[in-house]
Amino acid sequence: MAVSFLAVLDELKFVIEPAAVISRTPGLTCLGTIREAPGVGGVPVGKEAHIWHAVTGWAPIDRMELERWLVDAPAGCHWLVSERNLVGLERPPERPDITLVLWGPKQLGDWLGAAVLSGDLSLQLGVKPPSESIEAIAERSVKSELPPPDAVALKPSFKLATWLTDQGFEQLPVRPVLMEGRMWRVEGYLIGPEETRERNRWTLLEDPFTGKVTRLDQVDSLPFIPQLEKISPLGWSSLGSLKKELTSVCEERRHWQVSQSTSDGKVSGSILHWWRIEGESAEMTPSPVFMPGWQVKFPNDGWLLVHGLTGETVTNAEAIQPLSM
């Protein structure tokens, strides 16, 4: 959203009372309890209901995440509004003492559209959000220029909530971000035994935050690029240094059929041979790629960057700067 959801509720004349509810599920925030509900059409809950908000993020909300949220949610009525897609929740999990109204992006969009058409909502919201966390979200969701047409955003390889639990933490302040990298399309020849040449193609990921170049046999990308704060490294590897990486990244070990004549006839078999790329003639074409990450505020270390593909913590803040897009 270009404006905070709490500001939308404020313009629609909701009266929200802060609730002492702590979410142990990152990305799900309790905005408070409804004390007065307006006469706006489509409001699915009444007084005393808790309102929850899930901001735009990487992964959709699935059954496992909702079950985790249900464990700690207080009894009563809950209205959970998610800007993240809902997956596998045609029949959401239940708890006997909880009434859950679950909205995804479509229900939220339809409701806001109807409110605008009816004149109840102008979306010209100048009210400063009263919460620091909501203010931070609003600042990070300011509209930015469109990313390059050939850019892609990769999916994270793990769930942050599980990662935090494994590290011995529960609920910590989290900011989802995108980290800039480069994807390289490489075309060249593999050289095998007996000077065999084979034309091949590779997709490589240059990750300046880990300093590694890795092979992507399958590009697991999102269908869109989320509108999040983007972080760029101060420098990039030169083309020459990248070509030196090709030997270790693109080489393959394959079985090679051999035969040998003996007094008893021919003997056939296979042995393993290394097939190595002809780096000098390889053609490399870059394109922008955005990797998932989270800025997490740790108790003793402050804000650190958690890499969404490797789980590594980037501690060198001087190597990171915002990317204007």
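Points to keep in mind about this one:
- Between Leu239 and Gln107, the contour length at 0.36 nm per residue exceeds the alpha carbon distance by 42.7 nm.
- Its relative contact order, with pairs defined as Cα atoms under 8 Å and 6+ residues apart, puts region 152-322 at 34 percent.
- Quarter the surface of the alpha carbon convex hull of region 152-322 and you get the mean projected area, 13.9 square nanometres.
- The label point for Glu170 and the one for Glu67, both projected 7 Å from the Cα toward the Cβ, are 2.1 nm apart.
- 17 Å cut-off, amide nitrogen to a point 7 angstrom out along Ser248 Cα→Cβ, residues in region 185-204: 204
- Spin-label model, Arg91/Thr313: points 7 Å from Cα along the beta carbon direction are separated by 4.2 nm.
- Residues of region 273-287 with amide N under 20 Å of a point placed 7 Å along Cα→Cβ from Arg197: 274-285
- Per-peptide average of other Cβ atoms within 10 Å, ordering 239-247, 165-173, 79-87 highest first: 79-87, 239-247, 165-173
- Using the Cβ of Glu65 as centre and a radius below 10 Å, the other residues enclosed give a net charge of +2, where K and R count +1 and D and E count -1.
- Each of Met291, Met64 was scored by other Cβ atoms within 10 Å of its Cβ. Listed from fewest to most, they are Met64, Met291.
- Given their separation in residues at 0.36 nm each and the Cα-Cα distance between them, Leu222 and Trp256 gain 8.4 nm when the chain is fully extended.
Just so you know, all these numbers are worked out from the coordinates, no wet-lab data involved. What you are looking at is a predicted structure, and each value in this text was computed from that prediction instead of being measured. Cβ atoms come from the backbone with ideal geometry, glycine included; neighbour counts cover every protein chain shown.
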